[in-house]
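This report refers to the structure that appears directly beneath it.
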Amino acid sequence: MPAPASDVRAHLQSILESPAFRESKRCQHFLSFVVEKALQGEQDLLRERIIGVEVFGRDPSYDTHDDSVVRVAANEVRRRLAQYYQERAGADGIRIEIPTGSYIPQIQIRGPEEPPPSRPRSWSKPKVIPLALAALSVAFAIWTVVRPGVLERFWGPALHAPGVVEFQLGQSHAYQLSRRVHDQYLRQHPEYLKNLSPYLLIPSPELGIRPEDIIPVSDYFLSRADALAVIRLGVFFSEHKKKYRLNVESGTVSSGEQFGTPQVLIGAFSNRHTIQTTRDLRFHFRRELSGEGAVWMIEDGETGSTWKLVNVYPRQETDTDYALVTRLLHKGPQRMTVAFGGLTQFGTDGAAKLLTDSDSLSRLDYFLGRGWEDKNIQFVVEMRVALSTPVAPRIVIAHAW
């Protein structure tokens, strides 16, 4: 049975007047707001943007990604609550907590322990039933507090699936100059024969490069973004005691599909499996030619909105990138497929960062509410690019079904 609202408000007032809170008006206002909304049954209003507007006076259109006032305040309130309960553990049988990744307070009732009886006595059946109900209430409250984090909710089907998780990389295509051209270049620059240092061969008329000197090379190289994505995901799965394997495949069916294992498809335009997986979904990849040149984009098939880059290849010089993340759930051993990739390699790296960072991924709760962990989901990620590094990737739109 929940605590009466009057008791919770009295407990809240005790917290606000305690040494842990009385010196911080900001933390007082934050905690008062979220507890009152919870008591009024308005948990749906406890979202970052609404708190920023109502508690901290931000403009309704403010950028929650760049302005972290709510997240910082929430962390400070959690720290001060821990301090308060450490000093006054079990004082009035009520405890207020704000779980990480959420702004909805969890209000628990912790009754005082019964004193040992002075003489043996038997329990009648009517007394046992209320005790059982109380135990169930406490168990439910504990489950609510220890609810799995957002990373575990996103990756849960793969973490709990039998066998290994497969990382599926796409094909890499590059072009090399022929041995004849390299030999000619080394004759012109004999210092590289002596010092053995790497060299960047700059084409020049003296080299006499012909069409047959341009040699396509496939699947010999791994992009920096793919390597970083494998490392980030590998660390995450290793921390969760889950084995994984790496597969580079050019066929039409991935081994994950063939053998029924959870699979993670890394890369977009380089990975045909990612393109095939997302082709008929709401969010999908596209490329086309325009008057400005080649356009690489993510398209929202429902609204027609696009996130695009123009003429970014081959140098991939951009200060912004976008990525698409898709998670599909399956029955049987395979359990799930996750496909992600950017318009350039920076987007792929940024998406991998987000998929292994609980703070960034927690925006799924903001966009999708509760229960998305049991659904198929897609979301678009936007990030800045500085010094060839994705910075602050964030979810800008999400869809679940």
*Within the bounds of the range 185-196, is there any residue that is touching a residue at least 12 places away in the same chain (Cβ under 8 Å), open to solvent by 80 Å² or more (accessible area, probe 1.4 Å) and either under 30 Å from V391 (Cβ atoms) or of a type in the set (A, V, I, L, M, F, W, C) (or both)?*
no
*asked:* outside any strand (DSSP E or B), modelled with pLDDT under 90, of a type outside the set (D, E, K, R) and touching a helix residue (DSSP H, G or I) at 6+ places or on another chain (Cβ under 9 Å): is that true of Q184 in this structure?
replied: no
_Residue tally, condition surrounded by 10 or more Cβ atoms within 10 Å (Cβ to Cβ), modelled with pLDDT of 90 or more and out of contact with any helix residue (DSSP H, G or I) (no Cβ under 6 Å at 6 or more places or on another chain), over the range 210-232_ = 7
*asked:* As an exercise: evaluate D67 against (1) within 22 Å of A392 (Cα to Cα); (2) open to solvent by 60 Å² or more (accessible area, probe 1.4 Å); (3) charged (D, E, K, R); (4) within 25 Å of the chain's Cα centre (by Cα) and give the number of the one condition it does not meet.
replied: (2)
*Does any residue in the range 34-46 that is among the basic types (K, R) come within less than 6 Å, Cβ to Cβ, of a residue that is in a loop (DSSP other than H, G, I, E, B) and open to solvent by less than 60 Å² (accessible area, probe 1.4 Å) six or more places away or on a different chain, and which pairs are these?*
K37/L46
*asked:* Tally up the residues in the range 288-319 that are assigned to a loop (DSSP other than H, G, I, E, B), over 23 Å from F379 (Cβ atoms) and either open to solvent by less than 50 Å² (accessible area, probe 1.4 Å) or in contact (Cβ under 8 Å) with a residue 12 or more places away in the chain (or both), please.
replied: 3
*Got at least one residue in the range 124-143 being at pLDDT 90 or above, part of a helix (DSSP H, G or I) and in contact with a Gly (Cβ under 8 Å, 6 or more places away or on another chain)?*
no
*If you take the residues in the range 354-370 that are in a helix (DSSP H, G or I) and of a type in the set (S, T, Y), which one is surrounded by the most Cβ atoms within 10 Å (Cβ to Cβ)?*
S360
*Taking only pairs six or more apart or across chains, which ones have beta-carbon atoms under 6 Å, a first residue in the range 269-284 that is at negative phi, and a second residue that is part of a helix (DSSP H, G or I) and open to solvent by less than 40 Å² (accessible area, probe 1.4 Å)?*
H284/T278
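Residue-by-condition table, conditions (1) touching a residue at least 60 places away in the same chain (Cβ under 8 Å); (2) open to solvent by 60 Å² or more (accessible area, probe 1.4 Å); (3) assigned to a loop (DSSP other than H, G, I, E, B):
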position	(1), (2), (3)
A20	yes, no, yes
Q28	no, no, no
V53	no, no, no
G57	no, yes, yes
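Residue by residue, here is whether (1) assigned to a strand (DSSP E or B); (2) under 13 Å from the mean Cα position of the chain (by Cα); (3) under 19 Å from E48 (Cβ atoms) holds:
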| residue | (1), (2), (3) |
| --- | --- |
| D321 | yes, no, no |
| T326 | yes, yes, no |
| Q334 | no, no, no |
| G347 | no, no, no |
| A352 | no, yes, no |
| E382 | yes, yes, yes |
| V396 | yes, yes, yes |
*Of the conditions (1) in a loop (DSSP other than H, G, I, E, B); (2) of a type in the set (D, E, K, R); (3) in contact with a helix residue (DSSP H, G or I) (Cβ under 6 Å, 6 or more places away or on another chain), E373 clears all except one; give me its number.*
(1)
*Keeping to the range 147-181, report how many residues are acidic (D, E) and assigned to a helix (DSSP H, G or I).*
1
*Considering (1) open to solvent by 30 Å² or more (accessible area, probe 1.4 Å); (2) closer than 30 Å to I397 by Cβ; (3) not basic (K, R), say which one E36 fails and leave the rest.*
(2)
*Within the range 245-261, is there a residue that is at pLDDT 95 or above, surrounded by fewer than 21 Cβ atoms within 10 Å (Cβ to Cβ), of a type in the set (A, V, I, L, M) and more than 24 Å from L387 (Cα to Cα)?*
no
*asked:* Quick check on the range 377-393. Is at least one of its residues open to solvent by less than 10 Å² (accessible area, probe 1.4 Å) and more than 22 Å from D226 (Cβ to Cβ)?
replied: yes
*asked:* Being of a type in the set (A, V, I, L, M, F, W, C) and at positive phi narrows it down to one residue among L151, L186, L200, L196; which is it?
replied: L196
*For the range 269-307, what are the residues that are at pLDDT below 95 and in contact with a Ser or Thr (Cβ under 6 Å, 6 or more places away or on another chain)?*
H273
_All positions within the range 331-350 that are charged (D, E, K, R) and surrounded by fewer than 24 Cβ atoms within 10 Å (Cβ to Cβ)_ = K331, R335
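The values are calculated or read from the model by the stated rules, or taken from the named source; none is laboratory data. Keep in mind it's a predicted model, so treat the numbers as computed, not measured. Here Cβ is always computed from backbone atoms with ideal geometry, including for glycine, and neighbour counts include all displayed protein chains. We work out accessible area using only protein heavy atoms, side chains counted, and drop any ligands, DNA or RNA first. Shrake-Rupley method; radii C 1.70, N 1.55, O 1.52, S 1.80 Å.
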